[in-house]
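Notes for the one structure printed next.
Nothing in this text is a laboratory measurement; each read-out follows from the coordinates by a stated rule. None of these values were measured; they are calculated from a predicted model. Don't worry about glycine lacking a Cβ; one is built from the backbone with ideal geometry, like all the others, and counts go over all protein chains shown.
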Amino acid sequence: MENIKILKEKTEDGKSEFYTVTVNMSGHSLIQRFSSLKNAYEFIKAQQKTDSAYYNRKGSGVFSRKHTRVPSLKLISYECMDDQQQLINQGMGRTLNISPGGVLLETYNPVDTKYNIKLALGLGDDLVEVEARVCFCKESPDGTYEAGIEFINPDKKAKEVIRKLTIKD
């Protein structure tokens with residue numbers, strides 16, 4: 001079970017407000033900041049949808065995930081592909097967290113949700129490509145973008161690399 005809290009805060013100069021979302025899970029905390037309450041709720045809704053979460057709509061703010069997300073900071077490359085598998089664009093990103101089901105990817109450019117992507121994941125000498133679906137992409141207050149990525153049928157070698165990446169240090 002996880003616990004979600006939303007806290008309304010002010011900047012140090014008191015001129016602006018922002019919302020901090022804290023998700024406590026398995027002894028780890030995920031903290032995100034948003035300029036509006038609407039964006040905070042959209043993030044929570046997207047996370048629930050991305051991770052096949054069930055949300056207790058009675059207002060307790062508690063939901064459970066299919067996979068536990070593990071904080072991770074790894075550089076990965078991605079390629080956006082259209083329906084005909086033509087390259088639309090490519091880039092580099094950094095994982096913020098990963099689970100057997102997907103990854104939260106931070107990029108400097110938005111990743112379009114209408115395209116599937118190929119991720120190049122590496123661990124030591126193991127480098128694998130994984131096809132994935134972009135579930136959401138949102139701009140962060142610092143100008144970067146966070147994309148919720150769901151893996152699509154990773155092969156045996158990719159599953160093993162993902163498993164190794166999700167082991168908590």
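Among Tyr108, Tyr78, a tally of other beta-carbon atoms within 10 Å of each Cβ gives an order, fewest to most, of Tyr108, Tyr78.
Extension gain, Asn153-Ile167: 0.36 nm per intervening residue step, less the Cα-Cα distance, totals 3.0 nm.
Report the relative contact order of the stretch 70-165, percent, no decimals, based on alpha-carbon pairs under 8 angstrom and at least 6 residues apart. Present the calculation step by step, with values, prior to reporting the outcome.
Details: 221 pairs, mean separation 24.5, N = 96.
After rounding, I find 26 percent.
Please work out how much length the chain gains when fully extended from Glu42 to Ala120, using 0.36 nm per residue of separation minus the C-alpha to C-alpha distance, in nm with one decimal.
Numbers: separation 78, 0.36 × 78 = 28.08 nm, distance 2.81 nm.
25.3 nm is the gain from fully extending Glu42 to Ala120.
Amide H contacts of Arg69 (H built 1.01 Å from N, in plane; Pro and chain starts excluded): no residue 5 or more places away or on another chain comes under 5 Å.
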